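The structure appears below as structure tokens.
The values are calculated or read from the model by the stated rules, or taken from the named source; none is laboratory data. Since this is a predicted model, take the numbers as computed values, not measurements. Cβ placement follows ideal geometry from the backbone for every residue including glycine, while neighbour counts extend to all protein chains displayed.
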């Protein structure tokens with residue numbers, strides 16, 4: 001068997017019923033979190049533009065867009081992934097030399113599952129597969145330092161997820177993964193310098209392509225069987241040598257992912273926390289303004305052109321600090337996750353919206 005065929009065998013046999021109770025619960029939590037974030041982005045200008053485009057294109061009504069409307073499965077995968085990506089509140093996985101966002105795969109899994117008339121369990125099977133494939137490839141085959149985007153590994157995950165949701169055979173699944181992986185080696189420039197809308201749409205594109213590859217494979221279209229190990233394949237041209245024994249992999253990677261508390265880059269979450277927690281501990285004393293928080297950035301910061309910069313706050317601790325966040329979209333105060341037991345802002349407060 002080739003390596004993509006071994007991966008396909010894992011995907012075909014994957015069963016969320018064999019996940020630990022903790023992993024299965026977390027997967028469901030991530031589904032709800034991702035859907036909530038998607039709903040929060042429904043009125044965003046780029047989302048409205050994409051919805052208008054899909055309405056103009058028409059097409060067979062195979063799957064449902066969050067917020068209403070239907071289109072073909074691959075277009076819905078793009079749209080729903082764009083929704084869950086826009087507010088920059090997706091979950092995160094920190095591999096040694098790569099960062100990715102496995103919840104980006106929900107759009108492909110959901111659209112493919114609906115098109116196929118799959119059960120809720122099959123949808124969870126597909127999403128669990130995406131989490132495992134995406135995180136494990138990022139563990140052993142990072143590509144960021146070579147100038148490629150983390151959506152590169154995501155192409156394999158999205159196709160695997162869509163194939164699982166559609167109930168494809170192992171052979172068809174291998175072809176879907178091979179086509180998506182061969183065709184979607186994206187450049188890291190997406191996340192450097194002056195950022196564009198494409199930062200939030202790069203993974204939706206992969207979700208669309210992964211779903212489309214699964215559709216092609218379902219009709220007998222084949223892909224390069226040696227996409228990983230072959231001449232000019234993924235290993236030789238981009239990732240370098242690596243190995244994963246898919247026969248012993250489980251579906252527990254969701255337990256190693258993180259849900260953001262604050263609407264900012266995942267690497268900045270710990271930097272945002274101390275001023276607020278300190279203020280809470282000292283509630284009996286007058287609130288003090290935070291002048292600045294300084295520290296060296298992680299490599300994703302320097303590789304994205306951010307460098308070593310102080311993080312400065314210009315608001316008192318009782319309000320959400322105004323903190324520079326390259327690539328993060330401005331969000332209303334209700335998008336800041338409140339700690340357990342706290343009182344979230346009311347719907348009538350300035351800058352809040354009712355869903």
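Against the conditions (1) in contact with a strand residue (DSSP E or B) (Cβ under 7 Å, 6 or more places away or on another chain); (2) part of a loop (DSSP other than H, G, I, E, B), residue 238 satisfies every one except (2). Here residue 162 meets the list (1) surrounded by fewer than 24 Cβ atoms within 10 Å (Cβ to Cβ); (2) under 18 Å from the mean Cα position of the chain (by Cα); (3) touching a residue at least 60 places away in the same chain (Cβ under 8 Å) almost entirely, failing just condition (1).
On the basis of being within 13 Å of the chain's Cα centre (by Cα) and assigned to a helix (DSSP H, G or I), does residue 201 make the cut?
Values: within 13 Å of the chain's Cα centre (by Cα): yes; assigned to a helix (DSSP H, G or I): yes.
It is true that residue 201 is within 13 Å of the chain's Cα centre (by Cα) and assigned to a helix (DSSP H, G or I).
Among the residues of this structure, residue 94 counts as one that is out of contact with any helix residue (DSSP H, G or I) (no Cβ under 6 Å at 6 or more places or on another chain) and either closer than 30 Å to residue 145 by Cβ or buried (at least 24 other Cβ atoms within 10 Å of the Cβ) (or both). Of all the residues in segment 167-196, those that are in a helix (DSSP H, G or I), surrounded by fewer than 24 Cβ atoms within 10 Å (Cβ to Cβ) and modelled with pLDDT of 95 or more number 8. Figure legend. Inter-residue proximity from segment 15-26: first residues closer than 13 Å to residue 125 by Cα, second residues surrounded by fewer than 13 Cβ atoms within 10 Å (Cβ to Cβ), beta-carbon distance below 6 Å, spacing 6+ or different chains. No pairs are indicated. Checking 272, 251, 215, 255 one by one, the residue that is modelled with pLDDT of 95 or more and within 26 Å of residue 86 (Cβ to Cβ) is 215 and no other.
Taking residue 152, is it out of contact with any helix residue (DSSP H, G or I) (no Cβ under 6 Å at 6 or more places or on another chain), in contact (Cβ under 8 Å) with a residue 24 or more places away in the chain, part of a helix (DSSP H, G or I) and crowded, with 22+ Cβ neighbours inside 10 Å? Judged against the criteria, residue 152 is a match.
Filtering segment 100-142 to residues that are crowded, with 20+ Cβ neighbours inside 10 Å, within 18 Å of residue 238 (Cα to Cα) and touching a strand residue (DSSP E or B) at 6+ places or on another chain (Cβ under 7 Å) leaves 100, 134, 135, 138, 142.
Taking the criterion of being touching a strand residue (DSSP E or B) at 6+ places or on another chain (Cβ under 7 Å), crowded, with 16+ Cβ neighbours inside 10 Å, modelled with pLDDT of 95 or more and within 22 Å of residue 135 (Cα to Cα), would at least one residue in segment 197-208 satisfy it? If you could, list the steps in order and put the result at the bottom.
Filtering segment 197-208 down to residues touching a strand residue (DSSP E or B) at 6+ places or on another chain (Cβ under 7 Å) leaves none.
No, that holds for no residue.
Among the residues examined, residue 135 qualifies as assigned to a helix (DSSP H, G or I), at pLDDT 95 or above, closer than 18 Å to residue 244 by Cα and within 13 Å of the chain's Cα centre (by Cα).
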